[in-house]
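Q: Sharing a structure below in structure tokens format, with a few things to ask.
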């Protein structure tokens, strides 16, 4: 898995490419903790087309979504395939993380 972290205005964008699993997800948790320490309030997870997320990766995202609510942060996700959009919905993540087709749509929603 590869992460690319950029800032677009007040939004921190975490670009995710590759497989997000319990093993590789630690990098996302570390990035999230660092952003939180730096005062990030708006975070966008942008998933590349080739991104695969297994149950361990979903669990990490649930943990981040839970922590973000406690920290007063807003999280959005974009770029998910139709399959993973359905998974996010079934797992209840869409109650905490709004999903958008494109990065531009998600950025406008903040």
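Read-outs: derived from the displayed coordinates by stated rules, not from any lab. This is a predicted model, so every value here is computed, not measured. We place every Cβ from the backbone using ideal geometry, glycine too, and count neighbours over all the protein chains shown.
Q: Counting pairs of alpha carbon atoms under 8 Å apart in space and at least six apart in sequence, what relative contact order in percent does region 2-109 give? Could the numbers behind the result be given before it?
A: Details: 166 pairs, mean separation 27.8, N = 108.
Over region 2-109, the number comes to 26 percent.
Q: Using alpha-carbon positions, what is the distance between the centroids of region 8-62 and region 86-108, in Å?
A: 13 Å
Q: Further question on the same structure: Mind ordering 43-51, 66-74 by average Cβ neighbours within 10 Å, highest first? Each step should come with its number before you reach the end.
A: Values: 43-51: 18.4, 66-74: 13.6.
Order by mean packing, descending: 43-51, 66-74.
Q: How far apart, in nm, are two points set 7 Å out from the Cα along the Cα-to-Cβ line at residue 59 and at residue 37?
A: The two pseudo-label positions are separated by 2.5 nm.
Q: Then there's this: Could you work out which residue, out of 39, 57, 15, moves most in a Gaussian network model of the chain, that is, has the largest mean-square fluctuation with Cα springs under 10 Å?
A: 39
Q: Return the calculated 222 nm mean residue ellipticity for the chain, to the nearest 500 deg cm²/dmol, obtained by summing -39500 (n - 2.57) across DSSP H runs with n ≥ 4 and dividing by the residue count. Please list the in-between numbers first.
A: Values: 4 runs with 44 residues, N = 110.
Helix contribution divided over all residues of the chain: -12000 deg cm²/dmol.
Q: If you bin every alpha carbon distance in region 2-109 into 5 Å steps from zero, what whole percent lands in each bin?
A: Taking every Cα pair in region 2-109, the percentages come to 2, 13, 26, 29, 22, 7, 1.
Q: Next up: Can you give me the distance in nm between label points at residue 6 and residue 102, each placed 7 Å from the Cα along the Cα-to-Cβ direction?
A: 1.4 nm
Q: In the chain, what % of DSSP beta bridges are antiparallel (nearest 5)?
A: On the way: 7 of 23 bridges.
Close to 30 percent.
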